[in-house]
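Student: My questions will all concern the structure given below.
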Amino acid sequence: MAKQRGDGGRGRRPGVVNSAKRGGPGRGFWLALGLVAVLGLGALGYIASRPKVAISAVDPNLPPMKAEGYVLGNANAPVEVIEFADFECPGCGQFATLTEPDVRTRLVNTGKVRMRFMDFPLPMHKNTWDAHLAAACANDQGKFWEMHDVIFQYQDRWNGEATRRPRSVLGDLAKDIGLDMSKYDACMDAETHRAKIQASVQEAERLQVQQTPTFIIGGRKIPGAIAYDAFKKYVDEELAKVPAADTAAKGAISTAGDSGTAAKADAR
């Protein structure tokens with residue numbers, strides 16, 4: 001009897017393996033593997049479905065124009081920052097409302113930087129062309145930057161998720177900043193500045209700008225909504241390349257004084 005108890009561990013049928021000693025991966029391994037597969041499929045789904053920057057259709061009947069931008073700041077500022085932006089782009093709105101106020105106060109108004117806004121309406125945004133046209137029409141009355149600011153500030157009122165009739169909302173914004181509405185409405189109805197905006201889009205495509213916003217600071221092309229500290233770092237690196245005499249601030253400027261200055265883009 002004692003011998004039988006001593007051999008009790010050997011009394012199983014041939015081929016039966018104790019589950020506690022079974023070789024190979026356990027339940028935890030298969031759960032982890034399943035989780036990785038689910039996450040992988042989710043990532044692939046996001047990549048496949050996320051909006052892509054498509055090449056815009058060009059109207060060949062519009063007159064050829066040079067790419068232009070809207071300049072804010074001292075024309076003699078030692079550093080120019082070019083921003084390619086889409087008025088309906090959430091990242092552009094984030095930069096305009098959170099970062100750009102500091103950029104204007106600390107860098108533009110002190111004469112260190114001039115900003116050049118370049119139109120880059122993306123085809124994925126349904127209402128963006130109307131916003132770009134509205135800003136261009138405001139520029140005719142010397143109020144591009146005022147319109148720029150309210151368009152971004154109230155982006156959630158006129159964008160494609162909010163309305164199918166953005167011109168009504170944009171018209172209210174134009175009225176709020178004091179535009180002559182008869183001139184503004186005529187400009188919008190005729191789409192007077194479509195060729196100018198299209199030229200800016202072609203310039204963005206020539207420079208292989210892949211997303212909005214994208215900034216060109218010196219020889220660098222920087223995608224994404226940059227935080228102020230990173231923005232200033234890029235500017236400081238460019239200022240360091242300029243002789244000290246040229247970096248002296250020319251004095252604070254009035255954003256209203258040069259609010260609608262348009263000039264040829266020097267996108268290097």
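Student: Would you mind listing how long region 69-248 runs along its three principal axes, going by Cα atoms, in whole Å with the largest first?
Tutor: 49, 31, 28
Student: Next up: Would you mind checking K112/K233; K66/K126; K126/K221 for any pair whose Cα atoms are more than 21 angstrom apart?
Tutor: As for pairs spanning more than 21 Å Cα to Cα, those are K66/K126; K126/K221.
Student: Which order do T110, T214, T163 fall in if you start with the one that has the fewest other Cβ atoms within 10 Å?
Tutor: Placing the least packed residue first, the sequence is T163, T110, T214.
Student: Right, next: Under a Cβ-Cβ cut-off of 15 Å, what is the net charge of the residues other than Y154 that fall near it, where Lys and Arg count +1 and Asp and Glu count -1?
Tutor: Neighbourhood net charge equals -4.
Student: Measuring from label point to label point, each 7 Å out along Cα→Cβ, what is the R157 to R194 span in nm?
Tutor: The two pseudo-label positions are separated by 2.7 nm.
None of the figures in this text is laboratory data; all of them are computed from the coordinates on show. In this text the structure is predicted, and so the values were computed from the model without any measurement. Don't worry about glycine lacking a Cβ; one is built from the backbone with ideal geometry, like all the others, and counts go over all protein chains shown.
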